[in-house]
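Working notes, beginning with the structure itself.
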Amino acid sequence: MNESFHALTETSSLPLLSSMCLVRRGSNFRLQGMTVNRPILCLILQGKGLLALNDIVYEAQAGELFMIEPGTPVDALPNSETTEFLMVSMEYMSMKRERGQWKMTPSPSLPPGWQSGKLRIRHEEQAALRMTKLHESYRAGQSDHFVSIHTQLHELLQFLLENRLEANLEKVDPALERSIMYMNRFMREGISMDQLAKIAGLTPSSYSRSFKKAKGMSPTDYLNLLRIEEAKKQLSEENCVLKDVAASVGYGNEYYFSRKFKQMLGIAPSIYMKKYRLRAAAVSSTGFDEHLRFLGLRPIGSLDLTNHSTDAADDEHVLTNKLDQLRRAKPDLIIGDRSCKPYYDRLKSIAPTVIVEETDDWNETHLRLAELIGREKEARSHIKKLAFQHLETKRLPASSRNQEPNRFAWSNYTNTLRAEIQVSGSKLRVPAKPMQKINPEPTALPSSIRTKRTIFSAIGQ
């Protein structure tokens, strides 16, 4: 990473200010699917509401900063009478030194270390002050206008780099970021702990401790996570070859790759490759079949193995019949909740089985199941629609709503989904329970790879 915007290395990124504007809108303001074509830095000056970047929903409020990459779809809905924000549109130039001369070409994306999302910044007030001063200089148009505004932009971005915070509110360590950059660039090659520690300028033991404190996992686990995320993208492509995918992400042995993939995701890559051809069965007492239908996957079987009788012999007879029915359906994968744990071995004899630990949060459970079947994009889109529908319902006059606004929003959304799914010939049943609360922070995994919880547990794995 180039830590200074002023000192150019052999290859550097140079940001130039393209335009800057102050936007003020009323309560009727709404953005739907707008796509930006230049990097944008946005400061919320007044108001609050929902902002979705790449379908990841944030609760935005005054004082917060957001970075938006080119090509990012943006949705916004205010939750206040007046919304005011300041936007800086930039253009990054790639500077490369060849044979003693600098060559400058437009860069289509942000330099490494930046990505769309909320910027966690220490000293937010100072960052806002720098940005408002940049706007004043931009509007002034004095004789030294060009040099002044670009110098201030460089200083602002440098300030943001130096004061970024991790998800755990620890300060971003540039040395660790350099090692992560190296992981991203050379994940296809063999990477040792000694190499990473040397790049960070630390001893291996000190590097490991610092990394785990900042990222919540060891450098080895983080590297494996990067590799598996890249593998998931390749496995979603048509005609991919498992051996080639394993080699391209740094696993020379496809069997070792399969083991790591299953350990992290809960299923083998050969099953994940099927994606939209997957024959999955839901064995759940908490409505997993509904989640799968929302994600566009119609289960070939949907069972509830919960016992309801006091007669053990009768229960066993009913259970055997249900399992025989499931076996005849020939699923590629069985997805179950905690109610399946007593029957895991019997289910595993039918097809690979994954037990997903459901939560009280509908959004989180939805994302967990989506990741399992490779449909995170669909899940983020559902959650975004639901969050915006929920806010729109709250903004309606009381006479236009039901007594239960959550159920009203959920009903409208599921009615829309019903229409969408029936077009494709599927049948949708609306869940009995209303939606749970909307998560204010993004729950999907961004491109920067945040700390990730272990969300799938295959009993006996």
Study note, to complete from the structure: Note on the range 8-133: contact order normalised by length, alpha-carbon pairs under 8 Å, 6 or more apart, percent, works out to 33 percent
Review point. What percent do you get for the relative contact order of the range 152-245 when only Cα pairs under 8 Å and 6+ apart count?
Key: 19 percent
Check your understanding: Hey, what D do you get for the range 78-178 in µm²/s if you plug the Kirkwood alpha-carbon radius into Stokes-Einstein at 20 °C and 1.002 mPa s?
Key -> 132 µm²/s
Practice item. Compute the distance in nm between two label points, each set 7 Å from the Cα along the Cα-to-Cβ direction, one at R327 and one at Y255. Key: 2.9 nm
Review point. How large is ³J(HN,Hα) for each residue in the range 237-245, as worked out from phi by the Karplus curve 6.51 cos²θ - 1.76 cosθ + 1.60 (θ = phi - 60°), to whole Hz, x for Gly and Pro?
Key: 7, 5, 6, 6, 10, 3, 4, 5, 5
Check your understanding: Given 25 °C and 0.890 mPa s, how large is the Stokes-Einstein diffusion coefficient of the range 151-283 in µm²/s, with Rh as the Kirkwood radius over Cα pairs?
Key -> 146 µm²/s
Check your understanding: Applying the Karplus parametrisation 6.51 cos²θ - 1.76 cosθ + 1.60 with θ = phi - 60° to the phi angles of the range 45-60, what ³J(HN,Hα) value in whole Hz is obtained for each residue in order, glycine and proline being reported as x?
Key -> 9, 8, x, 7, x, 9, 10, 10, 10, 6, 6, 8, 8, 10, 8, 9
Point to revise | Of K275/K385; K118/K171; K213/K274; K262/K377, pairs whose Cα-Cα distance is over 25 Å | key: K213/K274
**Study point:** Cα pair distances of the range 336-388 binned at 5 Å [whole percent]
**Key:** 4, 19, 22, 19, 16, 11, 6, 3, 0
Point to revise | Positive-end residue of A60, L156, H123, charge dipole of the range 18-161 with Cβ unit charges | key: L156
Exercise for review: Give the Cα extents of the range 313-363 along the principal axes, in whole Å, largest first.
Suggested key: 35, 26, 16
Review point. If you put +1 on each Lys and Arg Cβ and -1 on each Asp and Glu Cβ, how big is the dipole of the range 206-311 around its Cα centre, in Debye rounded to 20?
Key: 460 debye
Practice item. Pull up all non-local amide H partners of T72: gap of 5 or more, or a different chain, and H-to-H distance under 5 Å with H placed in the peptide plane. Key: V36
Practice item. List every residue whose amide H lies under 5 Å from the amide H of L119, counting only residues 5 or more places away in sequence or on a different chain, with H placed 1.01 Å from N in the peptide plane. Key: L65, F66, M67
**Study point:** Carbon/sulfur fraction of accessible area - the range 194-261, other protein chains in place, 1.4 Å, %
**Key:** 49 percent
Study note, to complete from the structure: Counting only protein heavy atoms with a 1.4 Å probe and every protein chain in place, the carbon and sulfur fraction of the accessible surface of the range 299-382 in whole percent equals 49 percent
Point to revise | Per-residue HN-Hα couplings for the range 28-41 [Karplus 6.51, -1.76, 1.60; θ = phi - 60°; Hz; x = Gly/Pro] | key: 8, 4, 7, 10, 9, x, 5, 10, 8, 10, 9, x, 10, 10
Check your understanding: With the contact rule set at Cα under 8 Å and sequence spacing of 6 or more, what percent relative contact order holds for the range 196-288?
Key -> 15 percent
Practice item. Would you work out which of H382, S339, T353 lies farthest towards the positive end of the dipole of the range 297-391, given +1 charges on the beta-carbon of Lys and Arg and -1 on that of Asp and Glu, about the Cα centre? Key: H382
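The values are calculated or read from the model by the stated rules, or taken from the named source; none is laboratory data. Since the model is a prediction, treat every value here as computed from it, not as a measurement. Positions of Cβ are generated from backbone atoms using ideal geometry, with glycine treated the same way; all protein chains shown enter the neighbour counts. When the accessible area is computed, the model is the full protein with side chains, heavy atoms only, and any ligands, DNA or RNA have been set aside. Shrake-Rupley method; radii C 1.70, N 1.55, O 1.52, S 1.80 Å.
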